[in-house]
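> Got a structure for you, written out below as structure tokens; questions coming shortly.
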Amino acid sequence: MTPALKVENLAKTFGVGGGLFGRPAAGVRAVRPMSFEVATGETLGIVGESGCGKSTLARMLVGLLDPTEGSIEIEGRALDNADPAAFGRLIQYMFQDPVSSLNPRKTIKQIMEAPLKRLYGMGRTERDTRIDEIFDSVNLRSEFLDRYPHEFSGGQAQRIGVARALAAAPRIIILDEPVSALDVSVQAQVLNLLRDLKTEFNLTYLFISHDLAVVEAVSDRIVVLYFGAVVEIGKAEEIFARPRHPYTKLLADSAPVVGRPLKAPEQKDSELPDPLNPPPGCAFATRCPRATEICREKEPMLEPHGGDQFAACFHPLE
Amino acid sequence: MMFLRLLFRNRLAAMGAIVLAIILILVLAIPILPLQDPDVIKTSDRFLKPFSDGHLLGTDHLGRDLLARLLHGTRLSLAVGIFAALIAATIGSAVGIVAGYFGGRIDNVIMRGIDMLMAFPYILLALAIVAALGPGLMNALIAVAAVNIPFFARNIRGITVGLAGREFIDAARLSGMGHGRIILTELLPNVLSTIVIAMSTTVGWMILETAGLSFLGLGSQPPQADLGSMLGEARSALITNPHTSIIPGIMIFLIVMSINLLGDGVRDALDPRLRSGALSRPRAKTIVDRKGEVPADDGKGLLNLQSLDTQFHVSNRVYRAVNDVSLFVNRGECLGIIGESGSGKSVTALSVMGLVASPPGVVTGGAVRYEGEDLLAAPYESLREKRGNKVAYIFQDPLSTLHPLYRVGDQLMEAIQVHHKVTDAEAKQRAIELLMSVRIPNAESRIRNYPHEMSGGMRQRVGIAMALANDPDVIIADEPTTALDVTVQAQILALLDDLRRERGLAIVFITHDFGVVAQLCDRVAVMYGGRIVEEGTTTDILDHPAHPYTKRLMDCVPELGGGKRALAAIPGLPPMVSDLPPGCAFAPRCDKATEACRKGEIALSGSETRAVRCIHPEEEIA
Ligand SMILES: Nc1ncnc2c1ncn2[C@@H]1O[C@H](COP(=O)(O)OP(=O)(O)OP(=O)(O)O)[C@@H](O)[C@H]1O
Ligand code: SF4
Ligand code: SF4
Ligand SMILES: [Mg+2]
């Protein structure tokens, strides 16, 4: 079966510095060449610390950023020129900040109509029925349509965000921290809705979050990113329970858990690598308790370590 | 409507509007007024004084009727000024939006060009343009518009840059909109009010500038009258026949004054910061207006909050953000306050040192005692002395405490020198020590960094270092790790824990994360709708939650290690504190609610160490 999404050697380097007309003086490798596949109907979780390239990756996948190299295939069709309109019918993005992603000067109806008009050229009556259907699916009342974004709570605004993404009838939705701006008691309302919609519309999700427990609860497989590269991929129920990569273990040990005593899980002076001046070899070596000579010389490749689990490490954990 | 009401609440703006309206009506009525021809010369009637026969305002040096010239001149000056403002606003805003939206090289090139324009003195530039184009009203108009373009371009670009980074612009692109449509339908409506504000505050000056060019003979050419040329022609008779200069002078004064007063009013009325009804600046200390008795000191803890009430009064609504909250914390102890957004955690924390923005915030009852002294009654001087020195804060967003334009080292030194008279060298040494104590590597070189050059985790450590700068006894940490990554969070929590053990700090730790509470806090208070609904030791609360809200909230928190699963939610939304139901605020979402829950007040009952506010608690508390 063709995967819903196939990414090959996708990479992004941002130029920094450089004068008015000069070439950029240096490059930040926000995303290093990475390849992965997502099967239709799957939820792929993406975790990693801030600055590890999660958002850059997501923005390339929807065409908001031009990749520096590599290719993106959606259901077997290559999409390589950054044109959000071409991407829009296949893949949509749900934003982290429910308020900032809705234009404060537009009514919900105007916001909902844009993708129907621009991507599908629908007429007025057709649009109205479609919006009603979508609002039904996400449990929003249609009298909300004439209101402005500031009149909604975070949870409601986030549902409107879901509704807008659905309006484009995409095959894949990228959920970038969809619940991190919400209260714990309403987070699950949105997560459960997303789960139901996935079955109803046969969607594929990429779920980006820094909350490991939430990602684990909703994903089938999880990708762990560090410093712009995939360091581990595996099944959701395995990856944090039996991490192979020392960084995944560090993440799992750092999450505050009721009943576990407080201790800093790594040395206090450990330093993050400098993106402008990346170290040779494994980017995690400066923080890694298992690092040896070879780690500082060669870059480890992603290799299978039992079952579906892949890790990029010379000395993986058992 | 709202806008007009706000506008006319400002007396001066209303006055400006009336004066301007009268002037506008007069010049619009020119065709129907019985005016003489403004350009007919009759030298026999030179310099007639005002109120002479047939010439209400007298005549000028060529015997032309001054009233007619004044009204015609006013009409021309207004038209030219407004037209120049429209041109400057249109071109300037277009340039600003394009530069701000596309950013990068386009922005760079455009803004350097604008900088170059601004490098010339204003009036010199206008003179140069007129000199190049030749004198004439049209050219004066072009010159005045041109010199005002940079003002609009810069203002609008600034706003656009902020907007262009907002996610709704990305969302519009994903909806299939092109750049042109995004600029017109997404950006423009959001910058329109800024354009109007910029225009209303500059049009007066533009009228003045055109008059200036005409005065120098570079604008309107004889015999055509505008206010500037009238003044210019009257200059030679300034002493002998002052009325020929005074009359157009007064008119210019009236126009510019009324437009500027109105413009300021428009700006204030459109400015959202002033919308909420707060037309005054926030005060240095929260207003305290206690209705009831001040509770007597009960001697608990180092910091002791007794029945604290803090409210926000916004137009006719009262938001009861903190409602009868009592808390205390001892030396070396960590007290957790847990609750969802809007539950009043932060306002409780800010009330302690009088940091709640006022207006609209008012402390309406209770006491905050530090070593027994009531801080609410303390004068501002004593409060300021204690801020940072005795009680320090750490906020969620370290950028809100760090100034973006100063090096972190300088900011730390300043924090130290506010309370201690030490030399710069000593302060610097202390700043380095502080950064080392919060485990920032390379502290000596890091003090030269600006906040934006540090990662989020580093900045938060600087925030903690600032809080520690004066060796406080109490630290109030408001979600200090919420914006951070788990690995950094773990380090910061461990750091705070060490600090309280080593230095005997009392910590009030505000969070919504039970995992964090479990690891760091000795005691916990759970807040909901501005009230404490449950309190007790951390183990009691986590192992035996008694309030239904606490229990259900804990069920909502996903824990690592459970694999793929459905998560629990509490139906409904947290209550608005401006519209609390009678009885238990949780009743609409509680599955154990009965009739009694929706009636009167429910008291916090139990002992000093373990209490719950519920009539059907999950567990009987000991
Ligand atoms: N426009 C840009 N110019 C230069 N560097 C950039 C730009 N955008 C992102 N970066 C850099 O790329 C790297 C990855 O950033 P990205 O925003 O993808 O991280 P993230 O994992 O989404 O972080 P967060 O969780 O904080 O949003 C970072 O080092 C960041 O500083
Ligand atoms: S490759 Fe070496 S340094 Fe990198 S994670 Fe593995 S053991 Fe650690
Ligand atoms: S008082 Fe009643 S409504 Fe409130 S939490 Fe207890 S049982 Fe539920
Ligand atoms: Mg991000």
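The values are calculated or read from the model by the stated rules, or taken from the named source; none is laboratory data. Predicted model, so just to flag it, every value in this text is computed and none were measured. In this analysis, Cβ positions are derived from the backbone assuming ideal geometry, glycine residues included, and neighbour counts consider all displayed protein chains.
> Identify, by number, the condition in (1) modelled with pLDDT of 85 or more; (2) over 28 Å from the mean Cα position of the chain (by Cα); (3) of a type in the set (Lys, Arg) that B:Arg407 doesn't meet.
Tallying (1) modelled with pLDDT of 85 or more; (2) over 28 Å from the mean Cα position of the chain (by Cα); (3) of a type in the set (Lys, Arg), B:Arg407 fails exactly one: (2).
> Within the stretch A:194-201, can one find any residue that is modelled with pLDDT under 85 and touching a Phe, Trp or Tyr at 6+ places or on another chain (Cβ under 9 Å)?
no
> Considering the stretch B:107-130 alone, what residues qualify as being free of Cβ contacts under 8 Å to residues at least 24 places away in the same chain and more than 14 Å from chain A (Cβ to nearest Cβ)?
B:Ala119, B:Phe120, B:Pro121, B:Leu124, B:Leu125, B:Ala128, B:Ile129
> Any residue in the stretch B:413-440 that is free of Cβ contacts under 8 Å to residues at least 12 places away in the same chain sitting within a Cβ distance under 7 Å of a residue that is part of a helix (DSSP H, G or I)? List the pairs, counting only those 6 or more apart or interchain.
B:Gln417/B:Ala427; B:Val422/B:Ile416; B:Asp424/B:Met413; B:Met436/B:Ala443
> Here is a follow-up. If a residue has to be touching a strand residue (DSSP E or B) at 6+ places or on another chain (Cβ under 8 Å), within 12 Å of chain B (Cβ to nearest Cβ) and not aliphatic (A, V, I, L, M) to count, how many in the stretch A:213-233 make the cut?
Result for the stretch A:213-233: 4.
> Please state which of the following conditions B:Leu495 fails to meet, knowing it meets all the rest: (1) surrounded by fewer than 24 Cβ atoms within 10 Å (Cβ to Cβ); (2) of a type in the set (A, V, I, L, M, F, W, C); (3) within 24 Å of A:Asp183 (Cβ to Cβ).
(3)
> If you scan the stretch A:275-303, which residues turn out to be under 23 Å from the mean Cα position of the chain (by Cα) and either surrounded by fewer than 17 Cβ atoms within 10 Å (Cβ to Cβ) or among the hydroxyl-bearing types (Ser, Thr, Tyr) (or both)?
Matches in the stretch A:275-303: A:Met301, A:Glu303.
> What tally of residues in the stretch A:288-314 results from selecting those that are within 8 Å of ligand 2 (Cβ to nearest atom) and either within 14 Å of chain B (Cβ to nearest Cβ) or assigned to a loop (DSSP other than H, G, I, E, B) (or both)?
9
> Let me ask something else about it. Scanning for something touching a Pro at 6+ places or on another chain (Cβ under 9 Å), away from ligand 3 (no atom under 15 Å from the Cβ), assigned to a helix (DSSP H, G or I) and more than 9 Å from every other protein chain (Cβ to nearest Cβ), does the stretch B:493-506 turn up at least one residue?
yes
> Mind listing just one residue for me: the one in the stretch B:566-592 that is part of a helix (DSSP H, G or I) and within 14 Å of another protein chain (Cβ to nearest Cβ) and, of those, surrounded by the most Cβ atoms within 10 Å (Cβ to Cβ)? Steps first, answer last, please.
Filtering the stretch B:566-592 down to residues part of a helix (DSSP H, G or I) leaves B:587-589.
This time we only want the ones that are within 14 Å of another protein chain (Cβ to nearest Cβ), so: B:588-589.
Working: B:Pro588: 14, B:Arg589: 19.
Residue satisfying both the conditions and the ranking: B:Arg589.
> Restricted to the stretch B:429-481, and to residues that are among the polar types (S, T, N, Q) and in contact with a strand residue (DSSP E or B) (Cβ under 9 Å, 6 or more places away or on another chain), which residue is farthest from the other protein chains (Cβ to nearest Cβ)?
Within the stretch B:429-481, the match that is farthest from the other protein chains (Cβ to nearest Cβ) is B:Asn470.
> Now for a separate question. Here is a check on your reading of the model: is B:Ala490 within 14 Å of chain A (Cβ to nearest Cβ) and surrounded by fewer than 20 Cβ atoms within 10 Å (Cβ to Cβ)?
no
> Okay, next question. Which residue out of B:Arg503, B:Arg430 is modelled with pLDDT of 90 or more and basic (Lys, Arg)?
Checking each option against the conditions leaves just B:Arg430.
> Can you tell me which residue in the stretch B:164-201 is surrounded by the most Cβ atoms within 10 Å (Cβ to Cβ), limited to those that are more than 30 Å from B:Gly16 (Cα to Cα) and of a type in the set (Val, Ile, Thr)?
B:Ile169
Residues checked against (1) within 16 Å of ligand 4 (Cβ to nearest atom); (2) within 21 Å of A:Ala188 (Cβ to Cβ); (3) not aromatic (Phe, Trp, Tyr):
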residue	(1), (2), (3)
B:Asp540	no, no, yes
B:His544	no, no, yes
B:Asp579	no, no, yes
B:Phe586	no, yes, no
B:Lys592	no, yes, yes
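> Identify, from the list B:Asp410, B:Asp397, the residue that is over 27 Å from B:Phe509 (Cα atoms) and crowded, with 16+ Cβ neighbours inside 10 Å. Walk me through it before giving the result.
Details: B:Asp397 fails: over 27 Å from B:Phe509 (Cα atoms).
Matching residue, one of B:Asp410, B:Asp397: B:Asp410.
> Going by what's in this entry, would A:Ser153 be described as of a type in the set (Ser, Thr, Tyr), within 9 Å of chain B (Cβ to nearest Cβ) and out of contact with any Asp or Glu (no Cβ under 6 Å at 6 or more places or on another chain)?
Considered against the rule, which asks whether it is of a type in the set (Ser, Thr, Tyr), within 9 Å of chain B (Cβ to nearest Cβ) and out of contact with any Asp or Glu (no Cβ under 6 Å at 6 or more places or on another chain), A:Ser153 comes out as yes.
> Restricting to the stretch A:42-65, count the residues that are away from ligand 4 (no atom under 12 Å from the Cβ) and touching an Asp or Glu at 6+ places or on another chain (Cβ under 9 Å). Before the answer, list the steps.
Of all residues in the stretch A:42-65, those away from ligand 4 (no atom under 12 Å from the Cβ) come to A:42-45, A:60-65.
Retained after the next criterion (residues that are touching an Asp or Glu at 6+ places or on another chain (Cβ under 9 Å)): A:42-45, A:60, A:62-64.
Total meeting the criteria: 8.
> Does B:Arg613 fit the bill of being within 14 Å of chain A (Cβ to nearest Cβ), under 30 Å from B:Asn316 (Cα atoms) and either among the aliphatic types (A, V, I, L, M) or away from ligand 4 (no atom under 16 Å from the Cβ) (or both)?
Details: within 14 Å of chain A (Cβ to nearest Cβ): no; under 30 Å from B:Asn316 (Cα atoms): yes; either among the aliphatic types (A, V, I, L, M) or away from ligand 4 (no atom under 16 Å from the Cβ) (or both): yes.
No: the conditions fail for B:Arg613.
> Return the residues of the stretch A:185-209 that are over 15 Å from the mean Cα position of the chain (by Cα) and not hydrophobic (A, V, I, L, M, F, W, C); say none if nothing qualifies.
Within the stretch A:185-209, A:Ser185, A:Gln187, A:Gln189, A:Asn192, A:Arg195, A:Asp196, A:Lys198, A:Thr199, A:Glu200, A:Asn202 meet the criteria.
> Next up: I'm trying to understand the selection: among the residues of the stretch B:313-339, which are crowded, with 21+ Cβ neighbours inside 10 Å and in contact with a Phe, Trp or Tyr (Cβ under 8 Å, 6 or more places away or on another chain)?
B:Tyr319, B:Ala321, B:Cys334, B:Leu335, B:Gly336, B:Ile337, B:Ile338, B:Gly339
> With the structure loaded, tell me whether B:Phe51 is surrounded by fewer than 16 Cβ atoms within 10 Å (Cβ to Cβ) and under 30 Å from B:Met257 (Cβ atoms) or whether it fails that test.
So B:Phe51 fits the description; yes.
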